[in-house]
Structures are given as C-alpha cells and as structure tokens.
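The values are calculated or read from the model by the stated rules, or taken from the named source; none is laboratory data. Given the structure is predicted, the values throughout are model-derived calculations rather than measurements. Every residue, glycine among them, receives a Cβ derived from its backbone with ideal geometry; neighbour counts consider all protein chains shown. These accessible areas exclude ligands, DNA and RNA; they are computed on the full protein's heavy atoms, side chains included. Shrake-Rupley method; radii C 1.70, N 1.55, O 1.52, S 1.80 Å.
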Amino acid sequence: MFSVLHSVNLFPIKKTAVDSKPTDKNQLYLRPISSVAPSCVNPSGSNPDTDLSPETLKNSTDSTPNQFFLPILSRGITVPGYENVNLYERTEALFNLLRTHGVTDYQISKVLRLHPALLVADIEKDILPKLEFFKYIGVSEKVLTRLITIDPKLFTRSLENRIVPYYDFLKSILKTDKKVVAAIKKAPWIFTAHHTRNLVPNIAFLKEVGVEESRIDHALLHYTDAMIQNHWQFKEVVYQVKEMGFDMSTWAFLKAIHGLSGRGMRSLWDRCYAAYRKWGWSEDDIRSAYLKDPYCMHVSENKIARVIEFLTNKMGWPSNALARYPSLLTFSLENRTMPRFAVIKVLLSKRLLKEDMSWLSVSAGSEESFLEKYVTKYEKEVPELMSVYLGEVDIWESETENVNMGICLEGETTDKVQA
C-alpha cells in the first residue's frame, strides 16, 4: 500500500480543505506535479550484492536447495530477538515450501532480504494456511508469487482476524471470487491496507458525494489502488476532481480520481503535461482534453508525440487538434488510427464525404461498422479502398504533398484550418 506525504501537492489546483466544499467547480490550475520518492532501506542491514550474487541464485536448481548459497543467505540475515538462532534450517524449509508454489530461488532471496521475519514464522501454522487460502479462492500461481514478492508482510498477518475478514468484505461488494482475485491482481498489497480505516470510509464518501453504487463497484475492481489509499488523501483527490468540473455520474470522474492517486500516476501526469506544453498546448487545451478523457494524461510521451506528429504532418491539423479528440490516444496509431484516417482522407479527396464529418465516430466505431460505412459502401467508386485500409497502398507518402490541404476538424472549414 502506497502512502504519500501530506505536504506533497497532489494536483496543481487551489488547495481545498477535506471537510469543506469546493467553491468554484470550474477553477483549474494546471502546473506540473512534483513528488519525492522515499529512499529504500534494506531491513536486514546486509548487502545482497556482496553476500550473494543474483547470478548464483538465478542459476540455482529448482529441485533442491543449493548447498552453497543457502548457508550464505542464512548467515546474511538477522531477525531481531533471534540473533542466536541458526536460521539455516528455517531458510531451507521456507525455500522448499515456496518453491512448490512457483516462487524462484532468486525471488525467495529478495523476499527474505525485504522481510526476514518470515523465517521465524511457523510454516505449518502461519504461512502454509495462507498459501492454501489464496489458492482456494482462485489466485493463480503467478499472482500468488506477486503477492509473496511484493507484500511478504502479508504472510505474517493473521488469517482469521485480518485476511479472511478483508476477503469477506471485498466479496460482499464484488460478489464473486473471480472479481476479488482481479482486485488482488491490480493491487497485490490490498490485504496489508486496513480496510476499516481506508476502504470502508472511502466507499462511504463516494456514496456521500453522489456516486452510484454500481460505479463504486467498478472503481474497486479497476482502480483498486486508488480506492484503498489513505482516507484523508482520497477525500482530497475527490474534491480536486470535483473542482475540475468532472460530472460525478460519469466514468471519467472515477478515471480522474485514479489518475491523481499515487506517486506513479502523478509523475505520469507531470510527464504528459510537459509533453503537451512542448507541443504548444495551452492550459485550456490540456484542461479540455482531460475533461473529455482523463486517459490522455496516462500515456507515454512517445505516444503523444507520435499521434500529434501524425495529425499535423499527415492530416494537416494544428498541433492542439488532439485536445478535441483525446480518445485517439486510447487506440493503436499504426493498427487503427492510420488505416482508418487513410480511408477517410481518400474519400475526402474524391469529395465523397463532407469535410465537417465526425472524426470521433470514425475512430470510436467497431471495425465491422467502419468497413461497412466507409469501405464497402464506396467500393464501386474507389475499388482500391480496401487495399488502402490494409496498408497495401501507402497514401501517406504518395499523397501527402497533394492532398494534405488541411483536412477539417468538425464544424470548421478548410480555410479556417489553413489559417
């Protein structure tokens, strides 16, 4: 479970107290978000790079503990209160158990460096029942490995008093084990987070501000990490999203909450913000795009650059045209946007379509619908249209100079685009 220092500015918006209501829903301040990553501390106090090389562990056998590295590993780990205990036998027993559940020697060694207290837990009474419980509810070996390696502290927590009650609560909302497992896969640290302190009040708060229960269930399943964050942080993010002008009845409202939750997402926001500003976007452009589709701040700088370059160089649009169609970032440029826009560009050049057509409908529709509406329908007038769609005829190189006249956005004229 991640946590964020209260002093970090979650989003560049005028700060709102968590117990007060925002005053101006349309007021938005778009500045990059800065965050400071905490330093990592090795709890064992030892240096795994000098004690035991990764190559040694990776090359170890999967059938029996390596007689060379187990003694080294057990000597390199200390557990407070157990300094005089020989941990070799405990290390060997834990290796044998975790191996049967698909965890590699290298992963086990990292787990023990991160949380050496596992070595003094009772394997039969503490660790094995938890492994069996997760397998029983449908957690795959791959996800179980992630649970062990990402959140090893979980296996020293009480099964009856912590894990099972949390599981029961999740299932009461998500209804099926399959969805509970999906939530675990999204946030493997979910059982470490205290649900009565964070998740329960977070859900109650969403209901309080008017979010429908079905959407809350969706958020828990798809944006698990955002839903289990600290309650004070969650309330602050919700208020910020409301200030931006998002409609609480839409999925975009939940996407925006997710996009402002956690260091990683805010760092990604910073990079996207900088990328759009580099292309000459104003703060209004960024705000407009974000309100239409929050995903536009969850993509790589490379994806932003490739899409904008295509729209400007091949379609003749201004660099900020993507702000009107941010959903283009959710599709593959090479496999979806370019083939479809190539077809439309040919049809426009032959004046078979109106210039102010809906580009959103072109990109958002299913492939079957697109082919029927724009390819099959005009195959008599343009026999090579299917070849254009399949990329067998490259119109971008051959027609860029002649046809790139500034293809209109919706509601605009060619003269306006050229200007």
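Taking the condition among the aliphatic types (A, V, I, L, M), closer than 25 Å to residue 276 by Cα and either modelled with pLDDT under 95 or open to solvent by 10 Å² or more (accessible area, probe 1.4 Å) (or both), does residue 347 pass?
Considered against the rule, which asks whether it is among the aliphatic types (A, V, I, L, M), closer than 25 Å to residue 276 by Cα and either modelled with pLDDT under 95 or open to solvent by 10 Å² or more (accessible area, probe 1.4 Å) (or both), residue 347 comes out as no.
Can you tell me which residue in the stretch 174-193 is most open to solvent (accessible area, probe 1.4 Å), limited to those that are among the charged types (D, E, K, R) and on the phi < 0 side of the Ramachandran plot?
178
What are the pairs, 6+ residues apart or on separate chains, where a residue within the stretch 154-170 that is assigned to a helix (DSSP H, G or I) has its Cβ under 6 Å from a residue that is at pLDDT below 90?
These pairs meet every condition: 154/191; 154/192; 156/117; 156/121; 163/191; 166/191; 166/195; 169/195.
Which count do you get for residues in the stretch 295-308 that are over 26 Å from residue 253 (Cβ atoms), open to solvent by 10 Å² or more (accessible area, probe 1.4 Å) and in contact (Cβ under 8 Å) with a residue 24 or more places away in the chain?
Of the residues in the stretch 295-308, 2 are over 26 Å from residue 253 (Cβ atoms), open to solvent by 10 Å² or more (accessible area, probe 1.4 Å) and in contact (Cβ under 8 Å) with a residue 24 or more places away in the chain.
Return the residues of the stretch 112-136 that are at pLDDT below 85 and among the hydrophobic types (A, V, I, L, M, F, W, C); say none if nothing qualifies.
112, 114, 117, 118, 119, 120, 121, listed by residue number.
Which one is nearest to residue 171 (Cα to Cα) among residues in the stretch 241-256 that are in contact (Cβ under 8 Å) with a residue 60 or more places away in the chain and open to solvent by 10 Å² or more (accessible area, probe 1.4 Å)?
Ranking the qualifying residues of the stretch 241-256, first place goes to 242.
Could you check the stretch 351-390 for helices (runs of 4 or more DSSP H) lying wholly inside it with 2 or more residues that are farther than 20 Å from residue 329 by Cα and open to solvent by less than 80 Å² (accessible area, probe 1.4 Å)?
Where helices (runs of 4 or more DSSP H) fall fully within the stretch 351-390 and carry at least 2 residues being farther than 20 Å from residue 329 by Cα and open to solvent by less than 80 Å² (accessible area, probe 1.4 Å), they are 385-389.
Out of all the residues in the stretch 228-238, is one or more of a type outside the set (A, V, I, L, M), crowded, with 22+ Cβ neighbours inside 10 Å, in a helix (DSSP H, G or I) and free of Cβ contacts under 8 Å to residues at least 60 places away in the same chain?
Looking through the stretch 228-238, at least one residue is of a type outside the set (A, V, I, L, M), crowded, with 22+ Cβ neighbours inside 10 Å, in a helix (DSSP H, G or I) and free of Cβ contacts under 8 Å to residues at least 60 places away in the same chain.
Can you tell me which residues in the stretch 394-415 are surrounded by 16 or more Cβ atoms within 10 Å (Cβ to Cβ) and at pLDDT 55 or above?
Once the filter is applied, which keeps residues that are surrounded by 16 or more Cβ atoms within 10 Å (Cβ to Cβ) and at pLDDT 55 or above, the stretch 394-415 yields 395, 396, 407, 408, 409.
Cβ-Cβ distance below 9 Å, separation of 6 or more or different chains: which pairs start in the stretch 309-332 with a residue that is without any contact (Cβ under 8 Å) to a residue 60 or more places away in the chain and open to solvent by 30 Å² or more (accessible area, probe 1.4 Å) and end on one that is assigned to a loop (DSSP other than H, G, I, E, B) and small (Gly, Ala, Ser)?
319/280; 320/280; 320/282
Counting only residues that are open to solvent by less than 40 Å² (accessible area, probe 1.4 Å) and of a type in the set (D, E, K, R), which one in the stretch 127-173 is nearest to residue 96 (Cα to Cα)?
Ranking the qualifying residues of the stretch 127-173, first place goes to 130.
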